[in-house]
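Presented below is the structure to which this report refers.
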Amino acid sequence: MIMSLFNAINISATNLEAQTIRLNTVSSNLANANSVSGSEADTYKPLEPLFAPMLNQAQMGMSNEGAGVKVTAVMESNEPANKEYMPGHPLADEEGFIYTPAVDQAQETAHMMDASQAYKSSVEAINTTKALIMRTLTIGR
């Protein structure tokens, strides 16, 4: 019983790690949303974490970590940069265009709120599991 409760804590801990990475990528995207460059190649590329379940490894007995989620990679977006005609801008290219990242600030804010809520839920799950462990330990008293 106690061991399965510890597995519940481990599962929640993997989600805390994954959501921390997700919040960091969202923060980076929002911080660079208004950056400007003189070429598409030099424009900031929004970051996206790639999540994968750890359940299959745990079910097959290949891992003693238990189930959970992990971030397998942080990928750069393939979206093309936004191109804007501003011939007077100091970073404009020879044709008068500047480039800004393809960051949707509303979507990034929604991702931030979702990751924050998932983080909060995992903390609550850990606290509930800790309370269950403490109750289990006091049953024999």
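The values are calculated or read from the model by the stated rules, or taken from the named source; none is laboratory data. Since the model is a prediction, treat every value here as computed from it, not as a measurement. Every residue, glycine among them, receives a Cβ derived from its backbone with ideal geometry; neighbour counts consider all protein chains shown. Ligands, DNA and RNA are excluded from the accessible area calculation, which covers all protein heavy atoms including side chains. Shrake-Rupley method; radii C 1.70, N 1.55, O 1.52, S 1.80 Å.
Return the residue satisfying two criteria in turn: it lies in the stretch 84-141 and is within 30 Å of Ile9 (Cα to Cα), open to solvent by 100 Å² or more (accessible area, probe 1.4 Å) and outside any helix (DSSP H, G or I), and of such residues it is modelled with the lowest pLDDT.
That would be Arg141.
From the residues in the stretch 38-59 that are of a type in the set (Gly, Ala, Ser) and out of contact with any Leu (no Cβ under 6 Å at 6 or more places or on another chain), which one is farthest from Gln105 (Cα to Cα)?
If we filter the stretch 38-59 for residues that are of a type in the set (Gly, Ala, Ser), which is where we start, we get 38-39, 41, 52, 58.
Pick out the ones that are also out of contact with any Leu (no Cβ under 6 Å at 6 or more places or on another chain) and you get 39, 41, 52, 58.
On the way: Ser39: 21, Ala41: 21, Ala52: 25, Ala58: 37 Å.
Only one residue tops the list, namely Ala58.
Looking at the stretch 31-56 only, could you name the residues that are under 23 Å from Thr20 (Cα atoms), part of a strand (DSSP E or B) and open to solvent by less than 80 Å² (accessible area, probe 1.4 Å)?
Listed by number, the residues that qualify are Leu47, Pro49, Phe51, Ala52.
Across the stretch 23-51, what is the total count of residues that are within 13 Å of the chain's Cα centre (by Cα) and at pLDDT below 95?
The qualifying residues number 1.
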